[in-house]
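FYI, it's all coordinate maths here, none of it is from the lab. This one's a predicted model, so the numbers in the text were calculated from it and none came from an experiment. Don't worry about glycine lacking a Cβ; one is built from the backbone with ideal geometry, like all the others, and counts go over all protein chains shown.
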Amino acid sequence: MRRKQLIWRLYPWFLIIAVAVVVVVTVYSSLTLRRFYLTQTADDLKARIEMVKDEFVALLTTEEYPRIEEVCRHLEQSSGTRMTIVLTSGKVVGDSERNPDSMDNHGDRREVIEALSTGRGEAVRFSYTLQRDMMYVAAPLTHEGKTIGIIRGSLPLSRLDETLHSAYHKIALGGAAAVVLAAIASLIAARRIRRPLDTLRLGADRFARGELTNPIATSDVAEIGRVAEAMNHMARQLHDHIEEILRQRNEQEAVLASMVEGVVAVDREERIISLNQAARRMFAVASEDVSGRFLHEIIRNSDLHRFVGQVLSGDGPAERELVAGGREERYFQVQGSILRDAADKAIGAVVVLNDITRLRRLEVVRRDFVANVSHELKTPVTSIKGFAETLLEGSVTDPAELRNFLGIILRQTDRLNAIIDDLLTLSQVEQEQERAEVALAQVPLGGVIATAMEVCAYKADRKGIRLETAGNMETNAAINPPLLEQALVNLIDNAINYSEAGKTVVVEVAQTAEETIIRVIDQGVGISSEHLPRLFERFYRVDRARSRTAGGTGLGLSIVKHIVQIHGGKVEVASTIGKGSTFSIHLPRGSVKS
Ligand code: ADP
């Protein structure tokens, strides 16, 4: 639609009104002026004829007609007024302009008739005698109560019109000036109306851009001022509402973001309404702004889509378990429900995902652990049972063989004992780790290392292996001495077990800016690199037979790992086949963990 500016809607009307007023006033004043002027002129003529009336009465009674004509001419010369004297019969006896004899009977002239009947006659009409428009004023001439003639004064209208025309001219000029002034004034007025409207429009534009705190300047025009105030009020309310909504949204987002559970909300077309940080992490969604996109574009998991579909149709289970692929499988416990708006209308679905991967893995670890433990225990128990049965049968009578059998039973019992001891230690360390109740104290490492070496000294001596220390034994670290001692015994024991006679095992203390490091360095068989990542797992052994002969349980290193973790540190291994291995315990420096 083509829009006309307000100014061009108002202005023509202003102008029409102004012109109409000026025209009406001009015409009216011209007419009034003309009427006034005619009345004035008539009165003037009347006064003039009144002044000379008596002179003519005298001349008429004596019938001095030539004299009358003379006086008439004389009067015209002195006053510029044409004078005519007519007898009651209508015969003209004197005229200042013409010879009376050449003039027709004037008894039919309106002013003459009026003068005879009313005593005063007036007319404005065309003069046949003079061939132009004239104004006539006539009055009866009476002598002793009897009308003996009529005196008539007249003026050419052309003179009157000249005067009037110049007046009309001035009035018209004045009118035109008034029209121009009115046009300018109404243009200014229209513009003045437009200006506050422009202010309103600019203010509304600002509001639309969201600048709600920038109010519109109120106008001194009452109506527009009220509109501005109403708009400012509306903007303030809008601002408050938006603030409130933003605050609520931020709170909601903060809650959703801080949740460990993944939350996915979709509309009925399965377009995403909200996907919280945890859910993005669970399905490795990189982009943050996904609202409005289809769920299947963002998360490629058919089980989840089926579940959402079931929730939306309202007939599926509201809870189930999902598996998500990827580099490693992840397990989710999902719960879904219909999303409803304020009017309780279903607008979509919301799904909450709990990552139960750790739980699942722990279950697997536990299952494996039970299987491993059973397996580890089964071997010595089977062996003990076998030898005990043989002995019971009484078929073995040779004392040497008997001793040998009993020796085997004892060794297997030791082995069982060792496994049970290690399992107990492991579970104890794990429990302490879980409860985080291990007290750490800053003590010099020398004492703990010396005790651990003492424990292993007999075995080392018997195997012909030298035990040595290196580094500053006075170095302090935040440790739990009995636990660290246990870890060191395990490492030194392994170093002795997997080294040949004549080799040296060194326990070294070193320090960096962040860590205190205790290294157990051997010159033994070494471990090939493919085993290193799994070395600290429970029951993991590189060489089963060798471990068994050495009295190993496969639990030693996993105990070490847990103890070091309790200290807030980490354990590492570096090894070269045939050259030896270095196990290092890294303890953090600085803060004392309790
Ligand atoms: P084990 O009781 O069998 O020694 P550990 O958990 O202590 O069990 O060690 C796991 C495996 O790591 C051992 O079976 C052994 O093969 C290997 N291992 C541990 N320490 C050393 C070492 N110092 N040199 C070579 N191999 C080692």
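Some notes on this structure:
- In a fully extended conformation the segment linking K53 and T382 would gain 100.8 nm over its present Cα-Cα distance, using 0.36 nm per residue.
- Dipole-positive endmost among A346, L406, P380 within the chain (Cβ charges, Cα centre): A346
- Rounded to the nearest 500, the 222 nm mean residue ellipticity of the chain from helices alone is -19000 deg cm²/dmol, with -39,500 (n - 2.57) taken per DSSP H run of at least 4 residues.
- Shown here for region 482-561: GluC sites (Glu not before Pro) in loop regions (DSSP other than H, G, I, E, B) with at most 12 other Cβ atoms within 10 Å, namely E500, E514.
- Working note: Cα gyration tensor of region 173-311, eigenvalues times five, square-rooted, sorted largest first, giving semi-axes of 59, 17, 11 Å.
- Region 313-365: relative contact order as a whole-number percent, Cα under 8 Å and 6+ apart: 29
- Overall form of region 148-228 per C-alpha gyration tensor (a/c, 1.5; a/b vs b/c): prolate
- Taking the Cα centre of region 392-507 as origin and assigning +1 to Lys and Arg Cβ atoms and -1 to Asp and Glu Cβ atoms, the resulting dipole is close to 380 debye.
- For the residue pairs K385/K459; K463/K579; K46/K146; K53/K146; K385/K463, the C-alpha atoms sit more than 22 angstrom apart in K385/K459; K385/K463.
- Extension gain for E514-D43 works out to 156.6 nm (0.36 nm per residue, less the C-alpha to C-alpha distance).
- Here region 362-426 is treated with +1 on each Lys and Arg Cβ and -1 on each Asp and Glu Cβ, and its dipole about the Cα centre works out to around 100 debye.
- For L212, no residue has an amide H sitting under 5 Å from its own, ignoring neighbours fewer than 5 places away on the same chain, with H placed 1.01 Å from N.
- The E474 and T576 beta-carbon pair, evaluated with R₀ = 30 Å, returns a calculated FRET efficiency of approximately 0.45.
- Only Lys, Arg (+1) and Asp, Glu (-1) charged, at Cβ; region 476-570 dipole about Cα centre in debye: 380
- Put simply, when 181-187, 493-499, 78-84 are sorted by average Cβ atoms within 10 angstrom per residue, most first, you get 493-499, 78-84, 181-187.
- For F539, residues with placed amide H under 5 Å, excluding near neighbours: L555
- Whether the chain is rounded, prolate or oblate, judged on the alpha carbon gyration tensor where a/c under 1.5 counts as rounded: prolate
- Mean silhouette area of region 441-588, derived from the convex hull of its C-alpha atoms and averaged over all directions, reads 7.9 nm².
- Each label point was placed 7 Å from the Cα along the Cα-to-Cβ direction; for A436 and V365 their separation is 1.7 nm.
- Selected from V542, G464, T512, residue furthest toward positive end of dipole (region 441-588; charges at beta carbon): V542
- Added length on full extension, which subtracts the Cα-Cα distance from 0.36 nm per residue, L238 to V260: 4.4 nm
- The residue among Y37, I113, Q77 whose Cα reaches farthest toward the positive pole of the charge dipole of region 6-162, with charges on the beta-carbon of Lys, Arg, Asp and Glu, is Y37.
- Pair-distance profile P(r), taking every C-alpha pair of region 6-162, with 5 angstrom steps and integer %: 2, 9, 17, 20, 16, 9, 5, 4, 4, 3, 3, 3, 2, 2, 1, 0, 0
- Per-residue 3J(HN,Hα) values for region 79-90, derived from phi via the Karplus relation 6.51 cos²θ - 1.76 cosθ + 1.60 with θ = phi - 60°, read 10, x, 10, 6, 10, 9, 10, 10, 7, 4, 6, x Hz in sequence order (x marks Gly and Pro).
- The overall shape of region 93-147, judged from the alpha-carbon gyration tensor, is oblate: a/c is not under 1.5, and a/b is no greater than b/c.
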